[in-house]
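What follows is one structure encoded as structure tokens, with my remarks underneath.
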Amino acid sequence: MYAYSHRLSWSLPSNAFSNRVEAKRRAGTHLLDLTRSNPTEVLRDYPHAAIGEAYGNINDFSYVPEAAGKREAREAIGSYYEQRGVAVSPDRLFLTASTSEAYALLFKLFCNPGDEILAPIPSYPLFEYLATLESVRIVPYQLRYDGSWHIDFHHLRNQISPRTRAVAIVNPNNPTGSLLKNVEASELLHIAQTHHLPIISDEVFFDYTLVPNTNATPTLAAQDSVLAFSLNGLSKAAGMPQMKLGWIAMSGPAPQLDIAGRNLELLLDTYLSVGTPVQGALPQLLKIGDGIRDQLVQRIRQNFVNLQWLLNNTAATCLHIEAGWSAIVRLPNILSEDHWTARILEECGVIVQPGYFFDMPHESYIVVSLITPEDEFDAGINTIRLLLARI
């Protein structure tokens, strides 16, 4: 027998829900998938030709191994922030192949094996995998819901230990759709400053707010009180997950920026993972992404309105959301989430995700994607509404 790394210790077999879905598909059953989150699949007029033209316009494919990324590409990202009223110098931007790689680099930057990163729950269940692959431990802190979501700062403080190396936030959060409020941002920065902890701020849904909110802090990229790393990329900012380009916007006090920047460049220089073509096409890709993003925002807003209308006067409730691609629906706690998702699949032919996929604190919740095509979304939610009426 070969010995494999303990970092691969999680269970590999698929879960029962995935097995049921796969069996339905093998049998040729028509399913409405309300979990789809790939813009290249859900937009029927995705601009493939325009993206191809952006690559076709590149005249120079020379390889220049710049650790932080090509200057022109970083300037294009700086313009992206400038258009949103945020000043980010290209000198504080670092290109990566994805947000996942950005996490891995930052875990390497700050952690030794066995060190800890604080991360929110509920949230997207990627933290645990990325941390484990870096021999780092995720320590969760709670988001609480009382009609809207907020950080439980008492719990966050209690989770800090001598091995804590950074605090991660997701703003807007996935799947709760909650924004970091101004008062929360102030408290978070205070805690980070007091305990000398950098902040890793996942801001991939930065552009996807349902309504403007002047009481929220959309990014930490412009603050200068603590060392912080704002993550984003083409996957969400331009609706181009296939392009494989993300970035880290570093902010904070100048002395810490210089030290962190030198070490981060050393890590990036070790991998040099970002392709030359995507960097060359980046200014045009961001422009094309404006149209993709506008379509997605319009769809998210319309689907959310329809979701609330379809669930009105039913036993289900849509939790308050402010941004992002997902909605959480609370179902009557008469069945477990496994039983609910199984019944919705068997009786409605609809795929939804159980709340425990995202570490929801208790039963019973389902999570649906708001970028699902409108006709499929309405049909799927309507069948769930009819199921609820029969129970």
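If you check ARG36 against the conditions, is it part of a loop (DSSP other than H, G, I, E, B), within 30 Å of LEU307 (Cα to Cα) and touching a residue at least 24 places away in the same chain (Cβ under 8 Å)?
On the way: part of a loop (DSSP other than H, G, I, E, B): yes; within 30 Å of LEU307 (Cα to Cα): yes; touching a residue at least 24 places away in the same chain (Cβ under 8 Å): yes.
When the stated conditions are applied, ARG36 passes them.
Among LEU296, LEU345, LEU282, LEU286, which is the only one that is part of a helix (DSSP H, G or I), surrounded by 17 or more Cβ atoms within 10 Å (Cβ to Cβ), among the hydrophobic types (A, V, I, L, M, F, W, C) and more than 22 Å from the chain's Cα centre (by Cα)?
LEU345
Hey, among the residues in the stretch 1-31 that are modelled with pLDDT of 85 or more and hydroxyl-bearing (Ser, Thr, Tyr), which one's farthest from VAL352 (Cα to Cα)?
Out of the qualifying residues, it is TYR2.
Looking at (1) out of contact with any Asp or Glu (no Cβ under 9 Å at 6 or more places or on another chain); (2) without any contact (Cβ under 8 Å) to a residue 40 or more places away in the chain; (3) not basic (Lys, Arg), which is the one condition that is false for ALA104?
Only one criterion in (1) out of contact with any Asp or Glu (no Cβ under 9 Å at 6 or more places or on another chain); (2) without any contact (Cβ under 8 Å) to a residue 40 or more places away in the chain; (3) not basic (Lys, Arg) is unmet by ALA104, namely (1).
Can you tell me which residue is surrounded by the most Cβ atoms within 10 Å (Cβ to Cβ) among those in the stretch 34-83 that are of a type in the set (Gly, Ala, Ser) and more than 27 Å from GLN298 (Cα to Cα)? Full working, then the answer.
The first filter runs over the stretch 34-83 and keeps only residues of a type in the set (Gly, Ala, Ser), leaving 37, 49-50, 52, 54, 56, 62, 67-69, 73, 76, 78-79.
Next, from what is left, pick out any that are more than 27 Å from GLN298 (Cα to Cα): 56, 62, 67-69, 73.
On the way: GLY56: 10, SER62: 6, ALA67: 16, ALA68: 21, GLY69: 22, ALA73: 26.
Applying the filter and picking the extreme gives ALA73.
Which members of the stretch 25-70 meet the condition of being over 29 Å from the mean Cα position of the chain (by Cα) and of a type in the set (D, E, K, R)?
Correct list: ARG26, ASP60.
Taking the stretch 169-206, which residues are out of contact with any Leu (no Cβ under 9 Å at 6 or more places or on another chain), of a type outside the set (Phe, Trp, Tyr) and in contact (Cβ under 8 Å) with a residue 60 or more places away in the chain?
ASN174, PRO175, LEU179
The values are calculated or read from the model by the stated rules, or taken from the named source; none is laboratory data. In this text the structure is predicted, and so the values were computed from the model without any measurement. Positions of Cβ are backbone-derived with ideal geometry, glycine not excepted, and every protein chain shown enters the neighbour counts.
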